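A quick write-up on the structure given underneath.
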Ligand SMILES: Cc1cc2nc3c(=O)[nH]c(=O)nc-3n(C[C@H](O)[C@H](O)[C@H](O)COP(=O)(O)OP(=O)(O)OC[C@H]3O[C@@H](n4cnc5c(N)ncnc54)[C@H](O)[C@@H]3O)c2cc1C
């Protein structure tokens with residue numbers, strides 16, 4: 001008998017269970033920002049989330065480490081987190097963060113619907129009218145005047161028929177390596193801190209030796225990406241979040257491959273805890289508590305909008321007339337096919353030679369409104385890691401707080417466009433920018449942090465297109481400024497040209513200013 005290639009799903013009526021002004025798809029940091037902003041601008045708002053909590057990768061993926069540029073609602077979030085001792089420097093208590101995010105949304109009268117997956121978009125006459133959801137109650141419809149796609153994977157936009165890209169074009173469109181973050185208990189922090197002046201070097205050396213000795217069956221990654229020292233714990237029995245596991249050659253839109261990644265990395269985390277117990281001071285009696293409920297997917301769909309942000313825009317520190325937010329992180333692509341990170345793009349210069357171009361961490365650039373207004377479909381906006389970009393631009397703009405800021409812009413635009421009776425595409429950008437400035441987003445003046453000086457570091461080397469690069473000493477440092485606004489602003493600066501002593505001095509100063517412990521934030525890596 002011939003094998004069936006397709007089956008026909010029965011068509012049926014779906015009950016409309018709710019109508020709202022703004023529906024936010026996904027409750028990650030982008031969705032949170034979008035929902036807060038939409039509600040504050042007068043829209044009846046609902047967040048639909050497939051998991052059982054808000055925060056997305058930050059809380060459910062255990063990425064309790066939020067980088068980059070705080071604006072507007074981000075300040076309030078940090079203030080609320082501080083009140084419950086859920087944040088220290090950049091480190092978060094992810095369980096408390098879930099509660100804070102919920103309470104902040106509820107205070108703005110935003111509806112939250114958990115354990116509900118959006119499975120389709122309702123499109124009529126070229127505009128989105130709502131979504132089809134599936135949950136314990138079955139298949140249902142929710143209608144909305146505007147939808148913000150903050151699903152991280154751009155599900156709603158793709159279902160609506162908006163074109164998208166995924167992965168690295170030079171590497172067979174593989175996505176960045178994914179990471180399943182794990183939670184470790186019972187680390188003796190004092191012993192760990194005594195592990196030497198340069199803990200980054202310690203991890204690098206021990207990983208290499210463990211691979212050579214066969215204790216780690218293969219080089220998963222050369223360095224530990226980061227570890228988060230969870231605030232509010234007993235330092236003698238410290239809880240940490242650790243990002244080391246990696247899958248390569250990822251197809252992050254393929255459920256079968258995502259399953260492969262989960263299985264592979266759960267095993268890697270078992271190897272990692274054995275490695276830590278044997279080789280890292282302070283981890284002798286540590287245990288693996290669990291792995292994150294959500295796989296750490298760094299990139300998947302990039303939804304094509306009226307403008308596609310490019311890696312070159314980041315290198316050039318580009319500003320836009322219709323800017324709605326700023327970013328200042330370097331390129332940060334976890335290599336799709338082999339251990340290491342891609343920190344540059346390659347250009348051809350006037351002489352026909354190849355140039356490697358870096359982003360100076362700390363050089364700020366802008367994201368235009370057009371990069372969150374999707375092609376083809378009206379009344380839809382996107383926010384977060386699925387915004388309109390090329391592979392390298394996404395890698396540098398996927399940071400947690402940049403996603404939140406994009407969400408603020410999208411949520412505000414959604415609500416204002418309803419008030420003005422126009423589609424988001426036709427919204428007057430000046431009025432959107434004015435409203436964002438009122439909400440505490442600095443678009444008007446140069447930030448008092450970040451260099452703003454654009455300079456590229458280029459060297460002619462044809463052979464190393466997309467070659468992974470090692471973490472370099474002095475790659476970047478993170479600085480927290482003292483005043484209220486600056487309190488949480490993370491400012492990175494390129495130290496490559498400076499002497500190592502200068503780097504150490506500044507690092508010590510800034511750690512002191514930020515109340516870091518010796519291990520604060522920079523263990524294993526400076527960037528993500
Ligand atoms: C391993 C790892 C480490 C990282 N480290 C750092 C770091 O140190 N610092 C930093 O700043 N950034 C880091 N990042 C990047 C950052 O965490 C993310 O880019 C950012 O949090 C993305 O936010 P988001 O809201 O756009 O998407 P997400 O956090 O992915 O949120 C999307 C939400 O939508 C929900 N959703 C998806 N599809 C549907 C659907 N169909 N229906 C309903 N709900 C849906 C998801 O469950 C999720 O809650 C890291 C990322 C990873 C993966």
- prompt: From the residues in the stretch 1-43 that are more than 15 Å from the ligand (Cβ to nearest atom), part of a loop (DSSP other than H, G, I, E, B) and touching a helix residue (DSSP H, G or I) at 6+ places or on another chain (Cβ under 9 Å), which one is nearest to residue 74 (Cα to Cα)?
  reply: 41
query: So which pairs qualify, if the first residue must be in the stretch 58-72 and within 14 Å of residue 231 (Cβ to Cβ), the second must be modelled with pLDDT under 85 and more than 8 Å from the ligand (Cβ to nearest atom), the Cβ gap must be under 9 Å, and the two must be at least 6 apart or on different chains?
result: 65/521; 66/490
statement: Scanning the stretch 94-126 for residues that are touching a helix residue (DSSP H, G or I) at 6+ places or on another chain (Cβ under 8 Å) and in a loop (DSSP other than H, G, I, E, B), the one nearest to residue 40 (Cα to Cα) turns out to be 108
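Looking at the stretch 112-132, can you tell me whether even one residue there is over 26 Å from residue 372 (Cβ atoms), within 12 Å of the ligand (Cβ to nearest atom) and in contact (Cβ under 8 Å) with a residue 40 or more places away in the chain? I'd like the intermediate steps shown before the answer.
At the first step, the residues of the stretch 112-132 found to be over 26 Å from residue 372 (Cβ atoms) are 115.
Now restrict to residues that are within 12 Å of the ligand (Cβ to nearest atom): 115.
Of the ones still in play, those that are also in contact (Cβ under 8 Å) with a residue 40 or more places away in the chain are 115.
There is at least one residue in the stretch 112-132 that is over 26 Å from residue 372 (Cβ atoms), within 12 Å of the ligand (Cβ to nearest atom) and in contact (Cβ under 8 Å) with a residue 40 or more places away in the chain.
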- request: Please work out which one of (1) under 18 Å from the mean Cα position of the chain (by Cα); (2) assigned to a loop (DSSP other than H, G, I, E, B); (3) under 29 Å from residue 436 (Cβ atoms) is the condition residue 319 fails and give its number.
  value: (1)
- request: Given the conditions (1) within 16 Å of the ligand (Cβ to nearest atom); (2) closer than 21 Å to residue 35 by Cβ; (3) modelled with pLDDT of 95 or more, report the number of the one that residue 400 does not fulfil.
  value: (3)
- prompt: Looking only at the stretch 357-407, which residues are farther than 17 Å from residue 313 by Cα and surrounded by fewer than 24 Cβ atoms within 10 Å (Cβ to Cβ)?
  reply: 375, 376, 377, 378, 379
statement: Picked from the stretch 49-78 (must be under 16 Å from the mean Cα position of the chain (by Cα), more than 6 Å from the ligand (Cβ to nearest atom) and not in a loop (DSSP other than H, G, I, E, B)), the residue nearest to residue 149 (Cα to Cα) is 55
message: Could you tell me how many of the residues in the stretch 356-397 are at pLDDT below 95 and away from the ligand (no atom under 16 Å from the Cβ)?
response: 7
- line: Among 46, 81, the single one that is part of a strand (DSSP E or B), in contact with a strand residue (DSSP E or B) (Cβ under 8 Å, 6 or more places away or on another chain) and more than 9 Å from the ligand (Cβ to nearest atom) is 46
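Here is a check on your reading of the model: is residue 160 crowded, with 24+ Cβ neighbours inside 10 Å and touching a strand residue (DSSP E or B) at 6+ places or on another chain (Cβ under 6 Å)?
Details: crowded, with 24+ Cβ neighbours inside 10 Å: yes; touching a strand residue (DSSP E or B) at 6+ places or on another chain (Cβ under 6 Å): yes.
In short, yes.
Surrounded by 22 or more Cβ atoms within 10 Å (Cβ to Cβ), within 16 Å of the ligand (Cβ to nearest atom) and at pLDDT below 95, is that true of residue 314? Show your work before the answer.
Working: surrounded by 22 or more Cβ atoms within 10 Å (Cβ to Cβ): yes; within 16 Å of the ligand (Cβ to nearest atom): yes; at pLDDT below 95: yes.
Judged against the criteria, residue 314 is a match.
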- prompt: Is it the case that some residue within the stretch 329-339 is crowded, with 23+ Cβ neighbours inside 10 Å, part of a loop (DSSP other than H, G, I, E, B) and away from the ligand (no atom under 16 Å from the Cβ)?
  reply: no
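The values are calculated or read from the model by the stated rules, or taken from the named source; none is laboratory data. Treat the numbers as computed from the prediction; the structure is a model and nothing was measured. Note that we place each Cβ from the backbone using ideal geometry, even for glycine, and neighbour counts take in every protein chain shown.
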